[in-house]
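> Quick one: structure below, then a few questions.
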Amino acid sequence: MRHTHFLLTGLLLLGWQYAQAEQVVGNPVLDANVTMQVQHFNGESFEAFSGYASGPTSKYSLRHASLGVSGCLANRVHYEFRAGSATCLAGGAFTLMDASVLYEVVPGIQVGFKKGEILRGFEFYDECVDVLTAEKPRFANVFAPCHPQGAVFELQREFSTGYELLMQAAYLDGSGEDLDEEHELNLGIQLRTPVSGITVGGFFTAIRRRYGPGLDNEMVQDAGLRWGLGTDCRPGNLVLRAEYYGLKGNYNNPYSGTLYREANDPGSYIESPDLKMQAWYAEVGYRVATGISALSCITPYLRFQSWDKGTNAAGDHEFSYYTAGLLLSLDSRGDTLLRIDYEDSVSTPAGQAEDASLLIVRLQASGAWLLALAGE
């Protein structure tokens, strides 16, 4: 990971020096985001691997704070750099969050290196603080780990028929630093249709993980798969999004497979590489303009999500939740947002404790500014 950071920085500096020599450096854009919240849990959440229920923590937190720079050098080299803190990255410590250096080979085709969200459908491609609800679905990190890094190829093309295609192929690190032992190969596609506001998309990920120790107390390498299909619809003030995901091989916890038994042979455990999961969500929101500058827009929303943690295992392993909330835009530009978000369990498998409900009250401020270069 450290070597990739050095490589990204070196490519950016090289491109900057070339662009200065050619006098084609564009003005960069500076952006900032600060998101703070209070979260309150009611109830207990089941700790599957220790076998007891424990109450999660109600607290104030700095959910996200970042400062980023992006721009284009020599009309060819597109760069982005963002650093900051987020509760879902590095335990909330200050870290490099996003970085990319992409070379535009021809209009619409870019190749290079990237650290950040990869094109895995719609919800996983958005930043956590930019989705409709307060948080992404509960299964997000199992199906698509946050902010991976690697080599990417991107294609964007508009067709005369009114369709617009976005395709991204990426060869990524796994959870470790050795590409020989761990890697991910992802292909993502989004197609914007001629029907106003409707986009469809999907992705397929082949992964290789080193995990363990397994049932035989040995470290193991094995392959796994992730895939998803969905649609994002935004006709007028309506926001609709729904996606379905599938998974084979769960490596987020090496012992997860031992919790499940074969459907056809309840006496045998399913090991992590053979475990299958499926999940889906559907959400809807509606933007209501008020005409008041101090409260320019109100967006109520609702989401339902379902996560079957063992589709090929004996018994019931399906959890489901609903989320209801209200998003208030406190200025005319939508840069300051107040969110009230509540999530609770709908169904829980027999014999497992119901997850705690969660109330989040969040205040988010963001902005972007065009920077003038020295001498201009």
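> Straight-line reach from Lys136: which lysines fall under 18 Å, measuring Cα to Cα and dropping same-chain residues less than 8 apart?
Lys309
> In addition: For the stretch 281-356 and the stretch 128-159, what is the centre-to-centre distance using only Cα atoms, to the nearest Å?
18
> Hey, another quick one. Identify, among Gly310, Ile292, Ser320, the residue whose Cα sits farthest towards the positive end of the charge dipole of the stretch 272-341, taking +1 on the Cβ of Lys and Arg and -1 on the Cβ of Asp and Glu, with the dipole about the Cα centre.
Ile292
> Starting at 0 and stepping by 10 Å, how many percent of the alpha carbon pairs of the stretch 262-314 end up in each bin?
Taking all Cα pairs of the stretch 262-314, the binned fractions are 20, 25, 17, 15, 13, 9, 1 percent.
> So for Lys136, Lys248, Lys114, Lys59, fewest C-beta neighbours within 10 Å to most, what's the order?
The order, fewest Cβ neighbours first, is Lys59, Lys248, Lys136, Lys114.
> With N denoting the number of residues in the stretch 67-143, provide Rg(C-alpha) divided by 2.2 N^0.38 Å, to two decimal places.
Taking the Cα Rg and dividing by 2.2 N^0.38 Å, one obtains 1.25.
> How long is the gain from Val69 to Asp331 if the chain were fully straight, where each residue apart is worth 0.36 nm and the alpha carbon distance is subtracted?
That works out to 91.9 nm of additional length.
> What is the gain in length, in nm to one decimal, between Asp130 and Ser347 on full extension, counting 0.36 nm per residue of separation less the C-alpha to C-alpha distance?
Full extension of this stretch gives 75.4 nm more.
> How much FRET efficiency would the formula 1/(1 + (r/R0)^6) give for Thr290 and Val106, where r is the Cβ-Cβ distance and R0 is 41 Å, rounded to 0.05? Provide the component values of the computation, followed by the final result.
On the way: r = 45 Å, r/R0 = 1.10.
Approximately 0.35, to the nearest 0.05.
> Relative to the present Cα-Cα distance, how much length would full extension add between Tyr60 and Asp31 at 0.36 nm per residue of separation?
8.0 nm
> Please work out the FRET efficiency for the pair Leu155 and Ser196, using the Cβ-Cβ distance as r and a Förster radius of 35 Å; give the result to the nearest 0.05.
It comes out at approximately 0.90.
Just so you know, all these numbers are worked out from the coordinates, no wet-lab data involved. Fair warning: this is a prediction, and the values are worked out from it, not measured in the lab. For neighbour counting, all protein chains shown are included, and Cβ atoms are generated from backbone atoms with ideal geometry for every residue, glycine included.
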